[in-house]
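Just below is one structure, and these are the notes that go with it.
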Amino acid sequence: MAFVEPESIVKILDILPGMKVADFGAGAGFYSIPIAKRVGAAGKVYALDIRKEIMDIIRSKAREARLFNVETLRADLDQKEGSHLKENTVDMVMISNILFQVENRKNLAEEAFRILKPAGRATLVEWDEEKKSFGPPLVHRVNRQEAEDLFLKTGFSFEKELNVGENHYGLIFKKP
């Protein structure tokens, strides 16, 4: 597997109908759309990204898939309360391939913690530390231990590791 496969990852996560999920750094909706299918009409996906043009792409994909449970929100996850979501309102936060891009990783982890309900989970998928001919430069990547320490210091407990392919690592953290 050359790159991460969001559809495959979503299948192994405990995403149930009716859940509310925040997709941090949603990009073109690679996770938002499959998650929206899993949570169903009773659930909700908040697709968060800093880029306005991305919102149009996600809305278009959601309409095309007849998914009316996706809400796009412009968010700056480097900022305190940058998601603009209320405290303790989501069941899961998806954080994929953005930790290496964020300047203030502590704010991102704290924001995930803030918006998660008690017992909610943060799923992290990031580039591994091996140099490949693709992906971000090694100097920007966040190693697995550094990522785990960041979330543990924020108040999360480590739940489990996920097999997300040969170029990434996957971790699930739980809010007490």
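Closer than 25 Å to residue 165 by Cβ, among the acidic types (Asp, Glu) and surrounded by fewer than 17 Cβ atoms within 10 Å (Cβ to Cβ), is that true of residue 64?
Taking the combined requirement at face value, the residue does not satisfy it.
Which one is surrounded by the fewest Cβ atoms within 10 Å (Cβ to Cβ) among residues in the range 21-33 that are aliphatic (A, V, I, L, M) and in contact with a Phe, Trp or Tyr (Cβ under 8 Å, 6 or more places away or on another chain)?
If we take residues in the range 21-33 being aliphatic (A, V, I, L, M) and in contact with a Phe, Trp or Tyr (Cβ under 8 Å, 6 or more places away or on another chain), then 21 is surrounded by the fewest Cβ atoms within 10 Å (Cβ to Cβ).
With respect to residue 23, determine if the residue is charged (D, E, K, R), under 16 Å from the mean Cα position of the chain (by Cα) and modelled with pLDDT of 95 or more.
Yes: the conditions hold for residue 23.
In the set 117, 153, which member is surrounded by fewer than 18 Cβ atoms within 10 Å (Cβ to Cβ), farther than 23 Å from residue 26 by Cβ and not aliphatic (A, V, I, L, M)?
Exactly one of 117, 153 is surrounded by fewer than 18 Cβ atoms within 10 Å (Cβ to Cβ), farther than 23 Å from residue 26 by Cβ and not aliphatic (A, V, I, L, M), namely 153.
Regarding residue 18, is this residue more than 18 Å from residue 126 (Cβ to Cβ), surrounded by fewer than 22 Cβ atoms within 10 Å (Cβ to Cβ) and out of contact with any strand residue (DSSP E or B) (no Cβ under 7 Å at 6 or more places or on another chain)?
Taking the combined requirement at face value, the residue satisfies it.
If a residue has to be among the small types (Gly, Ala, Ser) and surrounded by 13 or more Cβ atoms within 10 Å (Cβ to Cβ) to count, how many in the range 156-176 make the cut?
2
Any residue at all in the range 99-106 that's touching a residue at least 24 places away in the same chain (Cβ under 8 Å), in a helix (DSSP H, G or I), under 20 Å from residue 141 (Cα atoms) and under 14 Å from the mean Cα position of the chain (by Cα)?
Yes, that holds for at least one residue.
Condition first: aliphatic (A, V, I, L, M), closer than 18 Å to residue 101 by Cα and part of a helix (DSSP H, G or I). Now tell me which residues in the range 137-176 satisfy that.
138, 139, 147, 150
The values are calculated or read from the model by the stated rules, or taken from the named source; none is laboratory data. Model, not experiment: these values are computed from the prediction. Here the Cβ is made from the backbone with ideal geometry for all residues, glycine too, and neighbour counts use every protein chain on show.
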